[in-house]
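Here is the structure we will look at, set down as structure tokens.
Computed from the coordinates by the stated procedures, all read-outs in this text should not be read as laboratory data. Since the structure is predicted, the reported quantities are computational estimates derived from the model, not experimental observations. Positions of Cβ are generated from backbone atoms using ideal geometry, with glycine treated the same way; all protein chains shown enter the neighbour counts.
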Amino acid sequence: MRKLFLTVGIFGISLFFSCKKPKCFAPYYYLFTITNSAGDTYFEKETSIKMYYMDNNVKVYIEDVSLIDKRFQQDYYADYPYVYSTWQAPIASANKKIKDFYLELPSNDIDTLYLDFKSNECGAAFIEDKFNGSTPEFNKGVHVLKK
């Protein structure tokens with residue numbers, strides 16, 4: 001009996017240490033800000049932005065695009081007064097293979113945002129992005145989209 005218990009115990013311990021579990025803390029968020037060509041903030045005040053993609057000629061809105069919390073922004077993202085986040089766009093890119101997104105700004109401007117994410121055990125892994133055809137600068141975890 002003791003031998004059986006020891007064998008099962010060793011097997012259980014080896015199984016526990018051989019299982020590789022992903023170290024995922026949160027889904028991948030795509031953080032971005034919009035600046036003018038000189039690098040100054042594009043917006044003069046807090047502004048809502050809409051993001052969507054087209055599915056059979058129907059606009060499908062990404063519902064979670066929002067400004068990140070000001071307290072966090074002042075500490076870490078102080079270079080950018082307005083940082084937006086979304087996790088639904090990376091998931092749509094990775095799982096539904098949607099790559100072309102559109103940003104609808106309050107001035108009725110429509111800008112293109114190419115997002116390429118790949119599915120992984122944590123949700124989505126960033127591959128590439130382009131804003132109006134150009135690769136954005138990446139600074140402190142923020143994609144800087146220059147108009």
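Enumerate the amide H contacts of PHE101 below 5 Å, restricted to partners 5 or more residues apart or on another chain; note that Pro and chain-start residues carry no placed amide H.
LEU113, TYR114, LEU115
Let me check the size of the stretch 22-146 from its C-alpha atoms; what are the radius of gyration and Dmax in Å?
Looking at the stretch 22-146, its Cα Rg and Dmax stand at 14.1, 43 Å.
Taking θ as phi - 60°, what are the ³J(HN,Hα) couplings along the stretch 79-85 by the Karplus curve (6.51, -1.76, 1.60), each to the nearest whole Hz, with x for Gly and Pro?
Each residue's phi maps through the Karplus curve to give 5, 10, x, 10, 10, 9, 9 Hz.
About its Cα centre, how strong a charge dipole does the stretch 34-106 have in debye, to the nearest 20, once Lys and Arg get +1 and Asp and Glu get -1 at the Cβ? Write out the running numbers ahead of the final one.
On the way: 8 positive and 11 negative charges, 58 e Å.
Rounded to the nearest 20 debye, it is 280 debye.
So, with +1 on the Cβ of K and R and -1 on the Cβ of D and E, and no other charges, what is the size of the charge dipole of the stretch 22-146 about its Cα centre, to the nearest 20 debye? Working shown, then result.
Working: 13 positive and 18 negative charges, 60 e Å.
About 280 debye.
Where does the charge balance sit around LYS99 when Lys and Arg score +1, Asp and Glu -1, over other residues with C-beta under 13 Å from its C-beta? Mind showing how you got there, number by number?
Numbers: positive: LYS96, LYS97, LYS118, LYS130; negative: ASP55, ASP100, ASP116, GLU128, ASP129.
Surrounding charge for LYS99 is -1.
Apply the Karplus parameterisation 6.51 cos²θ - 1.76 cosθ + 1.60, with θ equal to phi minus 60°, to every residue of the stretch 100-109 and state each ³J(HN,Hα) to the nearest whole Hz, in sequence, with x for glycine and proline.
Running phi through 6.51 cos²θ - 1.76 cosθ + 1.60 with θ = phi - 60° gives 9, 10, 10, 9, 9, 8, x, 7, 6, 6 Hz.
Net charge around THR135, counting only other residues with Cβ within less than 14 Å of its Cβ (Lys, Arg = +1; Asp, Glu = -1)? Numbers along the way, then the final one.
Details: positive: LYS130, LYS146; negative: ASP116, GLU128, ASP129, GLU137.
Net charge around THR135: -2.
Work out the length of the dipole vector of the stretch 88-141 about its Cα centre, built from +1 on the beta-carbon of each Lys and Arg and -1 on the beta-carbon of each Asp and Glu, and round it to the nearest 20 debye.
On the way: 6 positive and 9 negative charges, 47 e Å.
Here the size comes out at about 220 debye.
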